[in-house]
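Only one structure is covered here, and it is reproduced in the block below.
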Amino acid sequence: MAEVIAYSRFTDFDVDLFKSGKHYRLYEKFGSHITTVDGVEGVYFAVWAPSAKMVSVIGDFNYWTEGEHKLNVRWDSSGIWEGFIPGVGKGNKYKYKILSSNNDIRTEKADPYARRAEHNPQTASIVWNDNYKWKDNKWMTKRKHHNALDAPISVYEVHLGSWKRHVEENRFLSYVELADQLVKYVKEMNFTHVEFMPVMEYPYDPSWGYQVTGYFAPTSRFGYPEEFKLLVDKCHQNDIGIILDWVPSHFPEDAHGLGFFDGSALYEHPDKRKGYHQDWKSLIFNYGRNEVKSFLISNALFWLDQYHADGFRVDAVASMLFLDYSREDGEWEPNMFGGRENLEAMSFLREMNEAVYASYPDVQTIAEESTAFPMVSKPVFMGGLGFGMKWMMGWMHDTLDYFSRETVYRQFHQNDLTFSMTYVFTENFMLPLSHDEVVYGKNSILGKMPGDEWQRFANLRLLYSYMFTHPGTNLLFQGAEFGQSSEWDFQTSLDWHLLQYEPHQGIKELVKDLNLLYKSQPALYEKQFEAEGFEWIDYGDSKNSVFTYIRKGNEVEDDVIVAFNMTPVPKENYKLGVPRKGKLKEVFNSDLKKYFGTGSYKNKLKTTKAVPWHYRDQSIDISIPPLGMVVFKYKKPVKPEVKVKTAAKASLKGKSQEL
């Protein structure tokens, strides 16, 4: 095979941007790119390794022989090694053999920018390109409406390896099979978005994808890159948005990965106090190094550009923001101002969000951030971190603590639920019931519910009803939507057989209808992040464990009234103060028979009475089912023009009868 030919895709401007941390499309330059040079087809390779003495491309095209295809280092001190190898093409496997100038150590590394990787336990990169023809233009042109902060966003969190498997051999479903089965299911369940736990290539299954080695390659576990594009495409064609879990917080120490890449701490911070995560035994990116920032931001834009993602859930943001995260005194060093905040990580997150929204203003970034760090979801120009949303971890913990209590004790803990309303509008919050809550001995969501079988399922229905009517967007992990009874196991399929039983089928129907309620009632989403979108009716009836509130939209006629009964004792003729005179109809009841409820406590059309209650001039008497929620909405009066038309029709009908 021919020797390496000097060739470059980098201009001087590219190099300057890279070195200054402002090149956000590095995937167009680094990596392996099939191209033609002087009429000869081959592959251009480029890798960043400033501490290397020599970089060779080894692969199945040269019998993995070191030194046969040595790359050339650029003259500009950028640390970029590059070259064109004729005869190499799509499907060829390769690695970089790097000789360190620091200590003469030889290492074999996968390509950090590879578009495809070998299936684990193999670790080579694969030369790849595809000419996938997207068919989601309709979605892409209107997705700003689907992804907006005043749009309904209800997310189904999925681990592709365990959502469903082939029963006989416990085999993964492929991207192609998921494009059929998963998309149909998500659409049936009325979720607006699906979130994939990390799909970037990772070597170790028990990490669930959170230990990434191939940041630019969809995992080969489920098929080819273009087949993952098909999965995304099919979601979009069915009006389902795609959120990807993204992990810029840390990476594993695997020998073929980013760690100690060129014999030096290249991607990781050289100071162990900032560069090593003790809990996860992983390495932390050096957010103060410009080239690393360019790598990470380019990676974010890559998935938005090449895979049409609609946004990211950014993992472990809290671990990035605090220098003392999971560290004892003496194990961390304060910042220049003496504080515990990681100023370099904060700067990186702001730059990342600015770059994402500048290029793709119709997507969302969502922070998994578990502390009270302020202004996570506020714009950068206001001093915030620039995320679109933040996970509401406090709501999740308080709510699950409350629902795990025996109902007789709930009257003493009503504040656990009502407290969230004191800070819910400080951020754009997403309410998560995620995978983290159903592993490591935490039990399933259903398993946390107290009482006998009926009460456990009623409590679960009530929990989801509370979640979907609480201000904010929603996220539900796979299996929770039908009452998975066992903890999540990444090695096996969900327990789909449970759907043959009425209680589990009832939970599924409830979640399907809650999604529909959320999407169909503007009051539940138009002002979901605004204080004007919420009003208490009464949060103080702890004796009955009842609380009630109003959710408001842009139009007053869209307002809905929500009432909860957190005990198994039905509340009949419960007096409720309402905002104005009129007729109210029940638009949702979590106790219907089809949900495995009693079906005995429905509310007929209610006419308000001039009986003051809850500091309001009008009131109604309602039934609130045991461990149930009901939602009311004012019945719109018949418009005058409609009456005229009706009268006109009657007049014409009378005349026709006379004839």
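The values are calculated or read from the model by the stated rules, or taken from the named source; none is laboratory data. Since we're looking at a predicted model, the values are computed, not measured. Cβ atoms come from the backbone with ideal geometry, glycine included; neighbour counts cover every protein chain shown.
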Would you please name the residue that is nearest to residue 632 (Cα to Cα), looking only at residues in the range 495-550 that are in contact with a helix residue (DSSP H, G or I) (Cβ under 8 Å, 6 or more places away or on another chain) and of a type in the set (Gly, Ala, Ser)? 523
Of the residues in the range 201-227, those that are crowded, with 24+ Cβ neighbours inside 10 Å and of a type in the set (A, V, I, L, M, F, W, C) come to 212, 216, 217
Sort through 373, 425, 387 and tell me the only one that's surrounded by 20 or more Cβ atoms within 10 Å (Cβ to Cβ) and assigned to a loop (DSSP other than H, G, I, E, B). 387
State whether one or more residues within the range 46-58 are within 24 Å of residue 288 (Cα to Cα), out of contact with any Phe, Trp or Tyr (no Cβ under 6 Å at 6 or more places or on another chain), touching a residue at least 40 places away in the same chain (Cβ under 8 Å) and surrounded by fewer than 16 Cβ atoms within 10 Å (Cβ to Cβ). no
Can you name the number of the only condition in (1) farther than 22 Å from residue 313 by Cβ; (2) in contact (Cβ under 8 Å) with a residue 60 or more places away in the chain; (3) in contact with a helix residue (DSSP H, G or I) (Cβ under 8 Å, 6 or more places away or on another chain) that residue 429 fails? (1)
Give me the pairs: first residue in the range 315-342 and in contact (Cβ under 8 Å) with a residue 40 or more places away in the chain and more than 17 Å from residue 285 (Cβ to Cβ), second residue charged (D, E, K, R) and outside any helix (DSSP H, G or I), beta-carbon distance under 7 Å, and six or more apart or on different chains, which are they? none
Tally up the residues in the range 95-130 that are of a type in the set (S, T, N, Q) and closer than 29 Å to residue 357 by Cβ, please. 1
Considering (1) part of a helix (DSSP H, G or I); (2) more than 30 Å from residue 161 (Cα to Cα), say which one residue 528 fails and leave the rest. (1)
When you check residue 187 against the structure, is it part of a helix (DSSP H, G or I) and either without any contact (Cβ under 8 Å) to a residue 12 or more places away in the chain or more than 30 Å from residue 267 (Cβ to Cβ) (or both), yes or no? yes
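Every residue, every condition in (1) in the same structural domain as residue 105 (by TED's automatic domain parsing); (2) farther than 17 Å from residue 217 by Cβ; (3) surrounded by 23 or more Cβ atoms within 10 Å (Cβ to Cβ); (4) modelled with pLDDT of 95 or more, yes or no:
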{"position": "262", "(1), (2), (3), (4)": "no, yes, yes, yes"}
{"position": "278", "(1), (2), (3), (4)": "no, yes, no, no"}
{"position": "290", "(1), (2), (3), (4)": "no, yes, no, yes"}
{"position": "294", "(1), (2), (3), (4)": "no, yes, yes, yes"}
{"position": "305", "(1), (2), (3), (4)": "no, no, no, yes"}
{"position": "309", "(1), (2), (3), (4)": "no, no, no, yes"}
{"position": "318", "(1), (2), (3), (4)": "no, yes, no, yes"}
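Check whether at least one residue in the range 153-165 is more than 30 Å from residue 387 (Cα to Cα), aromatic (Phe, Trp, Tyr) and touching a helix residue (DSSP H, G or I) at 6+ places or on another chain (Cβ under 8 Å), and report yes or no.
No; the residues of the range 153-165 include none that is more than 30 Å from residue 387 (Cα to Cα), aromatic (Phe, Trp, Tyr) and touching a helix residue (DSSP H, G or I) at 6+ places or on another chain (Cβ under 8 Å).
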Can you find even one residue in the range 104-120 that is without any contact (Cβ under 8 Å) to a residue 24 or more places away in the chain and of a type outside the set (Asp, Glu)? no
Quick one: is residue 460 closer than 20 Å to residue 394 by Cβ and either surrounded by fewer than 19 Cβ atoms within 10 Å (Cβ to Cβ) or in the same structural domain as residue 169 (by TED's automatic domain parsing) (or both)? no
Reported set for the range 8-24 where residues are assigned to a helix (DSSP H, G or I) and without any contact (Cβ under 8 Å) to a residue 12 or more places away in the chain is 13, 16
One residue is enough: does the range 220-227 have a residue meeting the conditions touching a residue at least 24 places away in the same chain (Cβ under 8 Å) and within 14 Å of the chain's Cα centre (by Cα)? no
Is it fair to say residue 152 is crowded, with 21+ Cβ neighbours inside 10 Å, in the same structural domain as residue 291 (by TED's automatic domain parsing) and not in a strand (DSSP E or B)? yes
Give the residues of the range 580-596 that are out of contact with any helix residue (DSSP H, G or I) (no Cβ under 7 Å at 6 or more places or on another chain) and buried (at least 20 other Cβ atoms within 10 Å of the Cβ), sorted by residue number. 584, 589, 591, 592
How about the range 287-341: which of its residues are in contact with a Ser or Thr (Cβ under 9 Å, 6 or more places away or on another chain) and among the hydroxyl-bearing types (Ser, Thr, Tyr)? 287, 294, 319, 325, 326
Which of the residues spanning the range 330-358 are over 18 Å from residue 316 (Cβ atoms) and of a type in the set (S, T, N, Q)? 335
Kindly indicate whether residue 245 is in a strand (DSSP E or B), crowded, with 22+ Cβ neighbours inside 10 Å and among the acidic types (Asp, Glu). yes
Would you pick out the residues in the range 489-503 that are outside any loop (DSSP other than H, G, I, E, B) and without any contact (Cβ under 8 Å) to a residue 24 or more places away in the chain? 497, 498, 499, 500
Which of the residues belonging to the range 547-579 are in contact with a Lys or Arg (Cβ under 6 Å, 6 or more places away or on another chain), over 24 Å from residue 520 (Cα atoms) and hydrophobic (A, V, I, L, M, F, W, C)? 566
Within the range 218-236, how many residues turn out to be touching a helix residue (DSSP H, G or I) at 6+ places or on another chain (Cβ under 6 Å) and under 25 Å from residue 122 (Cβ atoms)? 7
Can you go through 587, 569, 578, 562 and tell me which one is closer than 21 Å to residue 450 by Cβ and at pLDDT 95 or above? 569
